[in-house]
Structure formats: structure tokens, C-alpha cells
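All remarks here apply to the structure that follows.
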Amino acid sequence: MMTDTATQPANPPWQTTDHRDDPIVAELMQQFGEQALYLQPTRTGMPVLWIAREHIKDCLHFLKTRSKPYSMLYDMHGVDERQRTHREQLPAADYTVFYHLLSIERNSDVMIKVALDESSLELPTITSIFANANWYERETWEMFGIVFKGHPNLRRLMMPQSWEGHPLRKDYPARATEFDPFELTRQKEDLEMESLTFKPEEWGMERSNENEDYMFLNLGPNHPSAHGAFRIVLQLDGEEIKDCVPDIGYHHRGAEKMAERQSWHSYIPYTDRIEYLGGCVNEMPYILAVEKLAGIEVPQRVEVIRVMLSELFRINSHLLYISTFIQDVGAMTPVFFAFTDRQKIYDVVEAITGFRMHPAWFRIGGVAHDLPRGWEGLLKEFLDWMPKRLNEYVKAALQNSVLKGRSQGVASYNAKEALEWGVTGAGLRATGIEFDVRKWRPYSGYENFDFEIPIGGGISDCYNRVMLKVEEIRQSLKILNQCLRNMPAGPFKADHPLTTPPPKERALQHIETLITHFLQVSWGPVMPANESFQMIEATKGINSYYLTSDGSTTSYRTRVRTPSFAHLQQIPSVIRGSLVSDLIVYLGSIDFVMSDVDR
């Protein structure tokens, strides 16, 4: 159910505030004392508090065990502060680790930061408080070199085990041309292959019990049911999975590092490719976070156009998910149906944006251009087609007794377990929690649309998750019908100096606008020094961007939190005791792509 917490912020999203009036700030001040905490004003839309290293575990435990607790560790990572110039009134720090917590009951977030000196890059692990801190601590360690004492297995997660250095440090090169030429000798190749050898003892696994030896099986990284370059090492007792270790990083491209050398505008195409099935959906959180930094309010027409493109891509992604899930269970025909339906969506997207899979069409302050003539007819044709087609998926495949027998009750978890592992999207809603960012924290005008949030009955299993996605398609069709009937008139770009680029007619008439146009095209816009954050309901769960601007043409730090990363970390806790065949069905029900995991 919706909480009594207001879904709309009282202040404009671009207003810098310290959120001192937030109830959790008073609770933390009372518990730890005002001297132990520093409240940082930001444009993140949440309280951001700095606390001393010795208090971090107590602070996080306190937040998790409050009435109306912050029960999800939504995100955690680091920042290299050494080259940041705009740090006015912030605690001295060479590095920062931030912990982003989310409370369903309060419908609110809080961010806790810890300042670290370069001579002492250590923090206690919090895996005993939040189980999903495991991967976040491993990634923070390998990217920044910050050691988490007490971590059960602090080793590289994204990079090869033989990798040297910490890539997200500011003194680590961002371009391949800054390295010596790569050479793969036979000896080096042998060492790399040896490092990929799985050693059960390193993961606390036994090779055998008193009666028999266990078998260790590699699933992937090239298995078709792994849905990408993804490897899982299985510890098997016959067909039963005793334990498993997900191995990611084969798709890692360093999207967060790339943001440090791209202008605010030129980074937009990268957002499409992080979750490459979501298209414009993944541009939304980045664009909105940048607009918060700039203080831009877009016209209503822009909001509705963005919603329309996002929902088209949501349906597009869900259709691929549903059909490949059915394929993983054993049926082939729905995949061919789905690609026919997805082609109709791409026809609409291409007519509007000029591109198909990766439009990179949203802009800071608007969209690339206005809707073309005839877009209404194309969209109406699709909306007339899809509902009947969706019913065929359900009738022909999803109500099939074999499919239901293979997926009902398989890989199930409850609401508490979902929150513990940072599950969002349909996986969380299948447990009965009605959390959808579009409803609870509306953005881009979603508060003006009439649609429902499909939820499950309390247990999230493979069948519930896929059926929720079917209902989500129906709700997206409902939203698209409203876009078709109620598209506002008006400009497709905000009248603001930091939109890119300024309107052409003004650039040709006003010298100041022409100068601004020249500078923005040459160097890109300069965003005010601040921090901003935006989460959205993406196709696979909650996706968000946390941006730090140092008053430059590029981002000082871009943190991309993706849902797939959290969902894959959950796999061992759900699948232990199941059969290998159940794992294939489970993987198909998660809805992930490896670029969304690895970034």
C-alpha cells in the first residue's frame, strides 16, 4: 500500500537543501549527537550525512532496526576526492565511501558518508548488517583500494584477478593510449587461464562429504541460458545445487570512468548502452539528474514525450523477457511472435527519433526534436495490435500446464529476503510490496497518468514474476493511450541557457546566445558544483544516477546503480537446494542483461 509520506517533494528538485527537517535527521542527531554528524546540502533530494568511521556500523545498524526501518542497502560505493576543488565546508577527505539506504515504510532515502585519509583506507565490513554489501564492498575495494576489514572474501569482482591498480582512482589512466602497448605472451596467457581456475576452498566450499565427491560445473560464460557473458560455478550433489558462485565482469566497459572524460551532453549515448534493451528509459535518470544540477524545468510536452518513449521501450524489453523466459522453459514459437511485435515498436521509435535500439534522443532540457507528422497514426496502429497479441502469449504459453509446473514455486523468496538483497522491480512487487517509483516518487509527469501497480500475493517465484511483467505491459499500453489522446502543445526544449544547444533562431539573432552555443558545442555546458541524484522505474527494476559536479564541463563522479547487479548477487541464496533445471528457469525469470550488471 502507498505510505502516508508525500510522493511529491515540497521544494523544486533542483533546490539545494540539507533536509534538516527530515525526521531521520533528528533521530540520528539524538542517537549520535550533533557533534558526530555533518549535514551536507545537496540536490540529491535526500539527507546526506557524514559520520566518523568508528560510528559507521552502529549508524547503519540503527537505521536498519528503527521503527519504519531503512531496510534496503540500495547502493554503496566510493569517490576519489583528491582532485575535487569545490569542497566548501565538507569534512577533509582523500576518499569517501557512501552508503545509500532506502525505507519502504517511510518512502524515503538517506545517504551516509565516511571520509577517509589516503594513509588509512580501511572500513569495517557491513555484510553482517546488509547481506548485499558483499558485492558492493568488493567493487569499491577493487575500484578504489579501500579495504573492508572482516569481509568474507575480498577479491576482485569486475576485473581479472591479475589486474593491477584501482581504475576509478583519479590518477588511473582513462584511455587505452595512456598505457603501454598490450602484449599477450604464452606465459601471460597461461597465468590468466590459471587465475580463472575455480578453487572451492577460496569460497568456503568442500570438495566432498564423507560419502561422495561433489561435482563442480561451469555454467557459462558462453551458455545460451546464461543470457550473456555470465558464468556461474555450481557445486553439485548429483542434480542438486549445494552452492554456487556467480562470476561477473566479462562485459565490463567502465561506463563510470568514461563519464569523467565525456561532456555532460556527449555522455548521453553511453546511458542507452548500459541496459541496452531499455533505450530511452535509461537516458531518463541521467538527464533528470543533470537537470537538477542545472536547475532546469522542462515544458509539459517534453515530459509526456519522454514518458511515451520510455513506455514503448518498457513494452519492448518486457516482450523479449517474456518470450525468452518461455523459450528457456522449452517453447520456441513465442520468441518469433515477440520479435514481430517488437519490430512494430521499433517502427514507431524510428519514426520519432530516427534510430531504433539506441536513440540517445533525450537532451538536457528537452528532446532532440519535436514529434514528426503522422506519429499518432503509427502509435495508434500499435496500440490496436498489441492487446490481442498479448492475450495470445498468455493463452498459448503462459497458461500451459507444463510451463506452470516448471516455474510455480521455483526460486521463490519473500519480501524480507527481497529487501535484504536489494531487489527492485517486478521481483520486489511479486512479494506484495507495491513499490513503483513512477507512483511513489513521480518524475517526468507520471503523477498525471492513470495506471495501476501490479503486485503479487506475498511470494515471488518464477511464474509470478513473469505474469507481473505481462500486467505491466497492459499498464504501459494504458499510459501510451493517454499520451496519444492528451499530448500537450508547446516547445520541445526548455528556455534555459544550459540546454544543449540553445534554440537556433535565437543563436542567429543574439550574440550572447551565439557565444553560448559556440561554447556548448565546443566544450559542453558547465554545470554548477553540486551533487544530484535521480532514480526511475526502469525495465528491470530501479535504475539511478548519482552525479557529482565540480563546476566543470564533465562529471567529477558518476555512479550508476543498476537493478541487474543486485539481482544476480541474490542468486546463491535463492537457488541452493534446487535442481540445475530450476536454475535455468530462475535465470530466465530475473530479467537481466550483463551490460546492466557490469556497466
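Throughout, read-outs are computed from the coordinates displayed, never taken from laboratory work. Note that the structure is a prediction, hence the values are computed from the model and not measured. Glycine also receives a Cβ, built like all others from the backbone with ideal geometry; neighbour counts cover every protein chain displayed.
Before moving on, here are some points about what is shown:
- Prolate/oblate/rounded label for region 471-599 (Cα gyration tensor, a/c 1.5): oblate
- Gain upon complete extension [residue 188, residue 505; 0.36 nm per residue less C-alpha separation]: 108.2 nm
- Going by neighbour counts of Cβ atoms within 10 Å, the residues 562, 353 line up, fewest first, as 353, 562.
- Cα-based shape type of region 23-149, given that a ≥ b ≥ c are square roots of the gyration tensor eigenvalues and the cut on a/c is 1.5: oblate
- Potential extension, residue 394-residue 522 segment - 0.36 nm per residue separation minus Cα distance: 40.9 nm
- Cα extents for the chain along the principal axes, largest to smallest and rounded to whole angstrom: 84, 63, 57.
- Taken about its Cα centre, the chain carries a charge dipole of about 1440 debye when Lys and Arg each add +1 at the Cβ and Asp and Glu each add -1 at the Cβ.
- Neighbour-count ranking [beta-carbon atoms within 10 angstrom, fewest first] of 66, 43: 66, 43
- Global form of region 234-344, assessed from the alpha-carbon gyration tensor, a/c cut-off 1.5: oblate
- Residues whose amide H falls under 5 Å from that of residue 247, counting only those 5 or more places apart or on a different chain, are 231, 232, 233, with hydrogens built in the peptide plane.
- Average projected area [Cα convex hull, region 255-598], square nanometres: 17.0 nm²
- Theoretical ellipticity at 222 nm over the chain - DSSP helices of four or more residues, -39500 (n - 2.57) apiece, nearest 500: -11000 deg cm²/dmol
- Cβ-Cβ FRET estimate between residue 87 and residue 369, R0 fixed at 30 Å, reported to 0.05: 0.15
- Taking a straight Cα-Cα cut-off under 28 Å and skipping sequence neighbours fewer than 8 places away in the same chain, the lysines within cross-link reach of residue 292 are 113, 170, 257, 439, 493, 504, 540.
- Span from the region 548-594 Cα centroid across to the region 191-251 one, whole angstrom: 18 Å
- Size check on region 10-56: the Cα extents along the three principal axes, sorted descending, read 34, 18, 14 Å.
- The slack between residue 380 and residue 222, meaning 0.36 nm per residue of separation minus the straight C-alpha distance, is 52.9 nm.
- Model label points for residue 174 and residue 213, set 7 angstrom from Cα along the Cα-to-Cβ axis, are 5.1 nm apart.
- Among 347, 171, 80, sorting on how many other beta-carbon atoms sit within 10 Å of each Cβ, with the fewest leading, yields 171, 347, 80.
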